[in-house]
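Some notes on the structure that comes next.
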Amino acid sequence: AYAMQTLAAGAEAGADVLVLCDTNGGVLPSAIAAAIAEVRQATTIPLGIHAHNDGEMAVANSVAAVQAGAVHVQGTINGYGERCGNANLCSLIPTLQLKMGHDCVSDDQLRSLTETARYVSELANLRLYPQQPYVGRSAFAHKGGIHVNALLKCEESYQHIDPSLVGNHKRVVVSELSGKSNIAYKATEFGLDLSGGSEQNQQILQHIKELESQGFQFEGAEGSVELLIRRSRPDYKAPFDLMDFHVLVRESHNGTMSSQATVKVQVGDQVMHTAADGNGPVNALDAAVRKALVPFYPGLAEVRLTDYKVRILDGGAGTAAQTRVLIDSTNGHRAWSTVGSSTNIIEASWQALADSLEYALLNGEDR
């Protein structure tokens, strides 16, 4: 009764919209719809909804409110807000427009939704959730073999909208759940012709599954996936081969740490033996390899690491655990990711690092 009196006072004072607020975020959609319906009977003022996400219901509650007659929806980009956040406009806008027929924004503005979500996440210094509906990197990602097979025949079978409508795109990833269709799709995406057909696809798939059983993970390492496919071709020739490397980490008498790496790398019929210091063993190894390769491939000087992620896969083994390393790299105008896995963190790092440099060379980044 008090709430109804408050709304009546707002209407009498000339409010343009009466906004119902689920500020503690705990109401269910059915209760929101009932509240909107009750208030509609008591006023002719347009109604709105302001929902928080403490029960993971902010978007659903906002949709329920619109279905019950609300014409004004409040929210934030990516759902940012106190506690669990507010209603996510990046989910609400396309749902209202594409699924419910409401004209919220222009088609061009809708196509900029993914870009907007990522821009705001950068400004907020918060990583955009990859699985966020509509705009997340994985929102239209497919890895199950049967899914990809169906997707190739009818995209609507596993995509609820055309991702381009919101400025996103579909991705086919490779994992232990993949089938031959995944490999065929990725080969086409990379512009590679697998002359061996279905049998070659199966061999690549089996190799990937064997590597994943050893701790590799290729969903976030498409650079390594492309290299696996390339290496399956009989005419493939690696741009360089690592013959040997040695990494030394030492603490000096004044307590400072230093690292040095020596590498022996073969390019064609030439063998380069180089050494370099670094800020840690991986940096030293990277510097030594580049010292050997840059004279042959000057473009590698522009390639740099942007992220280095380490995950322990078997906590019970302590410091001897299987370790996965993911490296993100860029040359300033494109980016790629590679993976390594070993019980030796330096070896895992080298695997990811070598793939990163090899990928750059095979995609023209040496020029």
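In debye, nearest 20: dipole of the chain around its Cα centre with unit charges on the Cβ of K, R (+) and D, E (-)? Mind showing how you got there, number by number?
Values: 28 positive and 40 negative charges, 73 e Å.
So the magnitude is around 340 debye.
Stokes-Einstein at 4 °C, 1.567 mPa s, Kirkwood radius from Cα pairs: D for the range 51-188 in µm² s⁻¹?
The calculation lands on 80 µm²/s.
Going by amide H atoms built from the backbone, whose H comes under 5 Å of the H on Met272, apart from near neighbours?
Sorted by chain and number, the residues that satisfy this are Val265, Gln266, Val267.
Nearest 10 degrees, 0 to 90: what angle lies between the long axis of helix 58-67 and the longest principal axis of the chain (Cα atoms)?
So the helix axis and the longest Cα principal axis differ by about 40 degrees.
Would you list Lys264, Lys153, Lys291 from the most to the least accessible area, probe 1.4 Å?
Descending accessible area places them as Lys153, Lys291, Lys264.
Val19's amide H: which non-local residues (gap 5+, or another chain) put their own amide H closer than 5 Å, with H modeled 1.01 Å from N in plane and none for Pro or chain starts?
Amide H neighbours of Val19, under 5 Å, 5+ apart: Gly48.
Quick one: Debye curve from the C-alpha atoms of the range 195-252, no solvent, what's log10 I(q)/I(0) at q = 0.29 Å⁻¹?
-1.20
Take the alpha-carbon positions of the range 1-95, form their convex hull, and give its projected area averaged over all directions (one quarter of the hull surface) in nm².
Averaged projected area of the range 1-95's Cα convex hull equals 5.8 nm².
Testing the spin-label approximation: label points 7 Å from Cα along Cα→Cβ at Phe190 and Ala13. State their distance in nm.
In this crude label model, Phe190 to Ala13 measures out at 6.4 nm.
Per residue of the range 24-30, in order, report the coupling 6.51 cos²θ - 1.76 cosθ + 1.60 (Karplus, θ = phi - 60°) as ³J(HN,Hα) in whole Hz, putting x for Gly and Pro.
Rounded to whole hertz, the list is 8, x, x, 8, 8, x, 4.
Under a crude label model (7 Å from the Cα following the beta-carbon direction), how far is Asp235 from Leu165 in nanometres?
That separation, rounded to one decimal, is 4.2 nm.
Just by accessible area at a 1.4 angstrom probe, what is the order of Arg231, Arg324 from largest to smallest? Walk me through the intermediate numbers first.
On the way: Arg231 95, Arg324 30 Å².
The ranking, largest first, comes out as Arg231, Arg324.
Match the structure shown to one of the listed values [x] 22.4, 68; [y] 26.9, 88; [z] 21.3, 65 of Rg and Dmax of the Cα atoms in Å, computed from it, and give that label.
For Rg and Dmax of the Cα atoms in Å, the calculated option is [y].
Taking 25 °C and 0.890 mPa s as the conditions, I'd like the Stokes-Einstein D for the range 279-336 in µm²/s, using the Kirkwood hydrodynamic radius from alpha carbon pairs.
The diffusion coefficient I find is 184 µm²/s.
Using only the alpha-carbon atoms, how far is helix 113-124 inclined from the longest principal axis of the chain? Give it as 0 to 90 degrees, nearest 10.
80 degrees
With all protein chains present, how much of the accessible area of the chain (probe radius 1.4 Å) comes from carbon and sulfur, to the nearest whole percent?
Values: 9580 of 18940 Å².
The value for the chain is 51 percent carbon and sulfur by accessible area.
For Val27, list long-range residues whose amide hydrogen, built 1.01 Å from N in the peptide plane, is under 5 Å from its own amide hydrogen.
Long-range HN contacts for Val27: none found.
How big is D, in µm² s⁻¹, for the range 243-367 by Stokes-Einstein at 37 °C and 0.692 mPa s if Rh is the Kirkwood radius over C-alpha pairs?
Stokes-Einstein gives a translational diffusion coefficient of 215 µm²/s.
For a quick check of your reading of the filter: which GluC sites (Glu not before Pro) in the range 47-150 sit in a DSSP loop and have no more than 12 other Cβ atoms within 10 Å? Don't skip to the end; give the middle numbers.
Working: sites: Glu56, Glu82, Glu115, Glu122; in loops: Glu56, Glu82.
Counting only loop positions with at most 12 other Cβ atoms within 10 Å, the GluC sites (Glu not before Pro) in the range 47-150 are Glu56, Glu82.
Report, in listed order, any pair from Lys209/Lys291; Lys209/Lys264; Lys237/Lys309; Lys264/Lys309; Lys143/Lys309 with a Cα-Cα distance greater than 24 Å.
Lys209/Lys291; Lys209/Lys264; Lys237/Lys309; Lys264/Lys309
Helix 345-362: angle to the longest alpha-carbon principal axis of the chain, degrees 0 to 90, nearest 10?
So the inclination is approximately 90 degrees.
Please work out the Cα convex hull volume for the range 107-242 and give it in Å³ per residue. Don't skip to the end; give the middle numbers.
Working: hull volume 20.5 nm³, N = 136.
So the per-residue hull volume is 151 Å³.
When the convex hull of the C-alpha atoms of the range 79-150 is computed, what volume per residue in Å³ does it have?
Looking at the range 79-150, the number lands at 124 Å³ per residue.
From the phi angles alone, apply the Karplus equation (6.51, -1.76, 1.60; θ = phi - 60°) to the range 284-289 and give each ³J(HN,Hα) in whole Hz, x where the residue is Gly or Pro.
Result, rounded to whole Hz: 5, 5, 4, 4, 5, 5.
Relative contact order of the range 264-367: what whole-number percent is it, with Cα pairs under 8 angstrom and at least 6 residues apart?
Taking the mean separation of contacting Cα pairs over the length of the range 264-367, I get 21 percent.
The values are calculated or read from the model by the stated rules, or taken from the named source; none is laboratory data. The structure displayed is predicted, hence computed values, not measured ones. In this analysis, Cβ positions are derived from the backbone assuming ideal geometry, glycine residues included, and neighbour counts consider all displayed protein chains. Protein only, heavy atoms only, side chains kept; ligands, DNA and RNA dropped before computing areas. Shrake-Rupley method; radii C 1.70, N 1.55, O 1.52, S 1.80 Å.
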